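Report on the structure given below.
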Amino acid sequence: MRIRTTAATVSVVGALALSVVAAPSAQADGRYGDIAITKVTVNGGANVVVGTSAVKKFSVTITAKDNSGIEAADIDLEGPGFGYLSSSDTRCSGSTCTAKFTVDPKVDLPYSNDIAGTWYVGAWVDANDGDYIWTEKAKSFKFQRASRLSVDASPEPVKKGRTLTVTGKLERANWDTFKYHGYTKQPVKLQFKKKGAASYTTVKTVTSSSTGTLKATVKASSDGHWRYSFAGTSTTPAVSAAGDFVDVK
C-alpha cells in the first residue's frame, strides 16, 4: 500500500516520485444483479488521524448482500490532492469484507499536507453468481493531520481577584517537515472547571497567533482547572489540553 501524491521535488522524493501513478480512472457507479452494499465502516467509525512518525494502521469493512453470497471485494480510498490508498490485504467472510491499510508518514506522506480532508471509500464487490456492484463514494471519512494543544495558567497560586494569564499553543502535524507546526488563526475556547465540578464551561474564545500561540487574561475567582479546547476542522481533529489547576488564595 502507498499513498500516491504529486511530487513537489523529484530530487527529494526520489523513488517515490518515479512510482507515482494516477488514481484509478473514474467510472460511473453501477451494478449488475441484486447485490447491494448495506454498511461501510472506516477505522471503527473514527477519523483517520496521522502524526509525524508513528505508523497508522486501520481497517475498512464493507457489508453486502446477494442471494448467492459474497465472493470478493476490491476496496480503495481516494482523497483531495491526488491522495490515493490501496490495500494488498482484503478478505471476505460471509457477507463482510475487510481491507487493511497502513500509513507510515515518513514513507507515504512526503510533501502531502494537501491530501488532508474528506476522503471516500471506493468499492467493487462481487457475488458468487456473477453479480457485482461498484461505487466511488460508498462512504466518506476524514483523513487528518494530528493535533496537540498545551496550556499554562500563571501565577500559581494567585490571590483572589488578581489577573490570571493563560497561555498555550495549538499545533498540528506537518507532513512536509515531519514536525508539529503552529496552527494559525483558529478559534480556541478557554474553559474553566471549578474545583469539585464535573465539567468545563467556556469563559471566552481566543484566536491562535501566526505561530499558533494562545493568550488570555481572566480574573481569578476560585480554585479549579483551566484548559484550552479546539473544535477541529476538516483537516485537523478536535483536541483539548489537559487541565492546569490553579490554587486561588
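The values are calculated or read from the model by the stated rules, or taken from the named source; none is laboratory data. Just so it is clear, the model here is predicted, and its values are computed rather than measured. Because the Cβ atoms are built from the backbone with ideal geometry, glycine has one as well, and the counts that use them run over all protein chains shown. Accessible surface areas use protein heavy atoms only, side chains included; no ligands, DNA or RNA. Shrake-Rupley method; radii C 1.70, N 1.55, O 1.52, S 1.80 Å.
What do you get when you divide the Cα radius of gyration of the stretch 105-159 by 2.2 N^0.38 Å, with N the number of residues?
So the Cα radius of gyration is 2.20 times the expected 2.2 N^0.38 Å.
Could you please state, rounded to a whole Å, how far the C-alpha centre of the stretch 106-184 is from the C-alpha centre of the stretch 45-85?
The distance from the Cα centre of the stretch 106-184 to that of the stretch 45-85 comes to 17 Å.
Probe 1.4 Å, all protein chains in place: accessible area of Y84 in Å², nearest 10?
20 Å²
Can you give me the convex hull volume of the Cα atoms of the stretch 20-164, divided per residue and expressed in Å³?
Taking only Cα atoms, the stretch 20-164 has a hull volume of 172 Å³ per residue.
With every protein chain left in place, what is the accessible area of E71 in Å² (1.4 Å probe, nearest 10)?
Accessible area, nearest 10 Å²: 110 Å².
How large is ³J(HN,Hα), in whole Hz, for each residue of the stretch 235-249 in order, when computed from phi with the Karplus curve 6.51 cos²θ - 1.76 cosθ + 1.60 and θ = phi - 60°, using x for Gly and Pro?
Those phi angles translate into 9, 9, x, 5, 7, 10, 6, 5, x, 9, 7, 10, 8, 9, 8 Hz.
Two decimals is fine: what's Rg over Rh for the stretch 27-85, C-alpha atoms, Kirkwood radius as Rh?
With Rg and the Kirkwood Rh in hand, the quotient comes to 1.04.
Taking 2.2 N^0.38 Å as the expected size of a compact globular protein, what ratio does the Cα radius of gyration of the chain give against it, to two decimals?
For the chain, the normalised Cα radius of gyration is 1.30.
Considering the stretch 149-200, what Rg and Dmax in Å follow from its alpha-carbon atoms?
Taking only Cα atoms of the stretch 149-200, I get Rg and Dmax of 15.1, 46 Å.
When only Cα pairs under 8 Å and 6 or more residues apart are kept, what is the percent relative contact order across the chain?
Relative contact order for the chain comes out at 18 percent.
I'd like to know how the stretch 139-249 sits against the 2.2 N^0.38 Å rule of thumb: what's its Cα Rg over that expected value?
Rounded to two decimals, the normalised Rg is 1.15.
For the stretch 65-128, report the % of Cα-Cα distances exceeding 15 Å.
Percent of Cα pairs beyond 15 Å in the stretch 65-128: 58.
Starting from the alpha-carbon convex hull of the stretch 189-249, give the projected area averaged over all orientations, in nm².
If you wrap the Cα atoms of the stretch 189-249 in a convex hull and average its projections, you get 4.9 nm².
So how strong a dipole does the chain carry about its Cα centre when Lys and Arg Cβ are +1 and Asp and Glu Cβ are -1, to the nearest 20 debye?
Dipole magnitude for the chain comes out near 2000 debye.
So for the pair S234, T163, with labels modelled 7 Å out along Cα→Cβ, what separation do we get in nm?
Distance between the two pseudo-spin positions: 4.0 nm.
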